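Reviewing the structure listed below.
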């Protein structure tokens, strides 16, 4: 089994299922029709409701959801072997994830462009709508925790990447000035921006910025607070813009390298059902897989993105499949790429790291863990952590090796590593910025009931600096613990919970409003997902968290409490949902 | 066959270009709408009891503020449903 | 040209003082006396009827009366017509009713007053003195404050408007030119300051108000405060003096009207208080104790006190 074959099979599966499964959902479940006017025409106001070409919406959707997420999850999932994760990335994506995105988009379109939160409030219960603020708020805190951890881990291992990130930030600020202040012609400004980015990367090769993990934690904290307080066109927008070019470049060389290498997979296809992964505990593939691979297969954020602005700008209903269903596939494709890279080169990278460690200390202080292809499941996570090759670093190393093994080997490996690292960290840094802004907003909405009952407290908590500090502080506090295999699944759990609720909402919409014979195509994945996520959270809280609490009680309990609150909201949701279905059946 | 392929690729790049431009200004557009909303609120606030500029200011400027009134109207309806719009515009992950 | 505002609580005799001063001044100067007070005593005092609100009493003395209510009504009607025309295609139901609420808006009367004062000052260049008889204290303070309040608002609004225009420009620049001939659903918005109706209007208004403010705070303008020897007057005048101070409007003369043998002591005490409130401002006593009306105008012409010498201040007072 080679990387080339996998890429081609992946491509065929996505495209094939798009035209069969996807089209069937469009035709028979949603019954999308060009005869029905979309809100962008019917409610046209020149402000938010403006019809846009589907390519533009696709681009916007893709840019919003592409990032560091699709890369990290699959790297962790390698402990099951390369096949199980890949199957989830393929079939989980097509049968559940893309359906989730598409239903959120179309339900919103049919609801005059209102968000999936509004649809949930209307179809299920007001409590469910409010729950969105709560879950999203905690989700954002966990995003900060997980992503700050990822960034710092990369920075510590390869200080060139931290240098590149800092210089790229400066480049982005300059680009922002060019576009928004100097009002320079956009294509020219773009070229300048890309050149600046290249300079940034080049500078990092001889001007790295090494620092310890804790230092980066503090730096990131300060960064979040400042970045979320300045106008968006200073840093956020221009960096977002530059990131997309990094993305294109990364995908291009990754794709080419994977296709051309014809590399056989080193890692085993399947190991055991419950290898040691999260929190050092045996992790059963079901129900834990959504906690490991989120974006790339299924992500709750997408429902908000789809029903936020895209639904108000959809020109005709049949564009929806391309925008909602199709954009998701590109993410899946990214994940496939990473699985190929790690599957094909991971073992080599590990062996090299072993050798390097042994050479560095003649009498190795820590004897190398005997990771062979037989005990892969049990030792993959332990070994990679011990070798400072946790998921983000693993991605960078394997990606670099993959490119080096192809005709693109003329690109110096160091540069490829920096680019890959920059890709992850640049997207992650932008995410940290945006999460803080939205978390502020969620916090204010969550605390609204306090306005009349506890005015003083309300005033203090919703002050813009406090509201900014709270999520940032908790997030960084959690990230301080360095427990990546706890932080990442917590973030995934919250994300998947939103996805489950959104998909259930989509299914409710289909069941209630569309009298279709094929409602099962929406309802079945919704229930499968909901059950899986609920069981996963319960398992996580009862099996994995105790170990984490023992290791770091402060952070451990914080996470446990957050998970508990989310579980409670989940229970309330399902109660409301079932009540709603019962009422629907009686009516 | 050849020309239509070139056409396709040309159109593809045109679309990518447009998509990029739209991304670059997405947030600015949102900011613009909000500023117009604020401007309208400031001027029309007196109608709903806000402290406001001397009424005649509002009255004199109103004939020029068709678009701002439309934004005000639309925002008033949407104000309670902004989470998804914010996430969609800012883009997470 | 000097401009004088006669202010004071209702009933203290400010219209009379204004009229008397006007009469005395008109011996050697060309004087225009304008009544802004809805109570409109000037016609009675001089015993004349004004046609269309105007009358030439003597070669050097002209009278005006401003009907504030009518001004406000006219102004509103004009604006409502403009609004109705502009917005008739919007889906706003009962537009007339919506805009008629403006009648009750705070600020329309003040605005109408101020506009008429501004027009008068601008147009009547042929006079040496223009004397304004003002309405009761509250309204007077409000319309005197109006220019500064308005300027503050205009500044802020212009700032926000400029931000809006700048962002529109950025968006247009990045979007690029509209493809030829293609009917685009997007609206191209004004971003050019010279073409934006709102900013142009704001600029004009700011100009007018800056000018007016300059005049009101300037050397050729003066406020005369008329009061009676009683405590009520004191309280009200306190407000007025503080208000004038805040606005930087020059108080030039205090007149203690209706002083007689009986209240001489009270008068002195009240004047003590005034000296504390407004030290350095000349204070004058007048003994006229009746309201004047048609038939008694001889009394007006016979007021013995010299009401003029304090009205001919020179720049030294401003130092």
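The values are calculated or read from the model by the stated rules, or taken from the named source; none is laboratory data. Bear in mind the structure is a predicted one, so any value in this text is a computation, not a measurement. Neighbour counts are summed over all protein chains in view; Cβ atoms, including those assigned to glycine, are modelled from backbone coordinates with ideal geometry.
The table below gives the values:
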{"read-out": "Matching residues in segment C:143-155 - criterion: being more than 8 Å from chain B (Cβ to nearest Cβ) and surrounded by fewer than 20 Cβ atoms within 10 Å (Cβ to Cβ)", "value": "C:145, C:148, C:151, C:152, C:155"}
{"read-out": "Matching residues, segment A:61-85, being more than 14 Å from chain B (Cβ to nearest Cβ) and either surrounded by fewer than 24 Cβ atoms within 10 Å (Cβ to Cβ) or not in a helix (DSSP H, G or I) (or both)", "value": "A:81, A:83, A:84"}
{"read-out": "Total residues in segment A:324-350, condition in contact with a strand residue (DSSP E or B) (Cβ under 8 Å, 6 or more places away or on another chain) and surrounded by fewer than 24 Cβ atoms within 10 Å (Cβ to Cβ)", "value": "0"}
{"read-out": "Residue list for segment A:239-266, filter: under 22 Å from residue A:378 (Cβ atoms) and surrounded by 22 or more Cβ atoms within 10 Å (Cβ to Cβ)", "value": "A:265"}
{"read-out": "Conditions (1) surrounded by 14 or more Cβ atoms within 10 Å (Cβ to Cβ); (2) more than 30 Å from residue A:220 (Cα to Cα); number of the one not met by residue A:496", "value": "(2)"}
{"read-out": "Number of the condition not met by residue A:177 [criteria: (1) farther than 27 Å from residue A:394 by Cα; (2) touching a helix residue (DSSP H, G or I) at 6+ places or on another chain (Cβ under 8 Å); (3) surrounded by fewer than 24 Cβ atoms within 10 Å (Cβ to Cβ)]", "value": "(2)"}
{"read-out": "All helices (runs of 4 or more DSSP H) inside segment A:115-232 with 2 or more residues being closer than 30 Å to residue A:579 by Cα and in contact (Cβ under 8 Å) with a residue 12 or more places away in the chain", "value": "A:116-123, A:126-157"}
{"read-out": "Top-ranked residue in segment A:86-104 [being within 18 Å of residue A:268 (Cα to Cα) and touching a residue at least 24 places away in the same chain (Cβ under 8 Å); ranked as surrounded by the fewest Cβ atoms within 10 Å (Cβ to Cβ)]", "value": "A:86"}
{"read-out": "When residues of segment A:432-446 are limited to those that are farther than 12 Å from residue A:220 by Cα and within 14 Å of the chain's Cα centre (by Cα), the one nearest to the other protein chains (Cβ to nearest Cβ)", "value": "A:434"}
{"read-out": "Residue satisfying all of: in segment A:32-47; at pLDDT 85 or above and closer than 15 Å to residue A:308 by Cβ; farthest from the other protein chains (Cβ to nearest Cβ) among these", "value": "A:39"}
{"read-out": "Among the candidates A:364, A:386, A:353, residue that is surrounded by fewer than 16 Cβ atoms within 10 Å (Cβ to Cβ) and either modelled with pLDDT under 80 or farther than 18 Å from residue A:268 by Cα (or both)", "value": "A:364"}
{"read-out": "Tally of residues being closer than 14 Å to residue C:253 by Cβ and crowded, with 24+ Cβ neighbours inside 10 Å across segment C:21-30", "value": "1"}
{"read-out": "Test for residue A:248: is it free of Cβ contacts under 8 Å to residues at least 40 places away in the same chain and assigned to a helix (DSSP H, G or I)", "value": "yes"}
{"read-out": "Filter pass, residue A:119 being closer than 19 Å to residue A:324 by Cα, out of contact with any strand residue (DSSP E or B) (no Cβ under 8 Å at 6 or more places or on another chain) and buried (at least 24 other Cβ atoms within 10 Å of the Cβ)", "value": "yes"}
{"read-out": "Selection within segment C:1-20 - within 20 Å of the chain's Cα centre (by Cα), within 14 Å of residue C:253 (Cβ to Cβ) and part of a helix (DSSP H, G or I)", "value": "C:14, C:17, C:18"}
{"read-out": "Condition check for residue A:275: out of contact with any helix residue (DSSP H, G or I) (no Cβ under 8 Å at 6 or more places or on another chain), more than 11 Å from every other protein chain (Cβ to nearest Cβ) and either within 25 Å of residue A:84 (Cα to Cα) or modelled with pLDDT under 85 (or both)", "value": "no"}
{"read-out": "For residue A:296: the one exception among (1) at pLDDT below 85; (2) surrounded by 24 or more Cβ atoms within 10 Å (Cβ to Cβ); (3) farther than 30 Å from residue A:539 by Cα", "value": "(3)"}
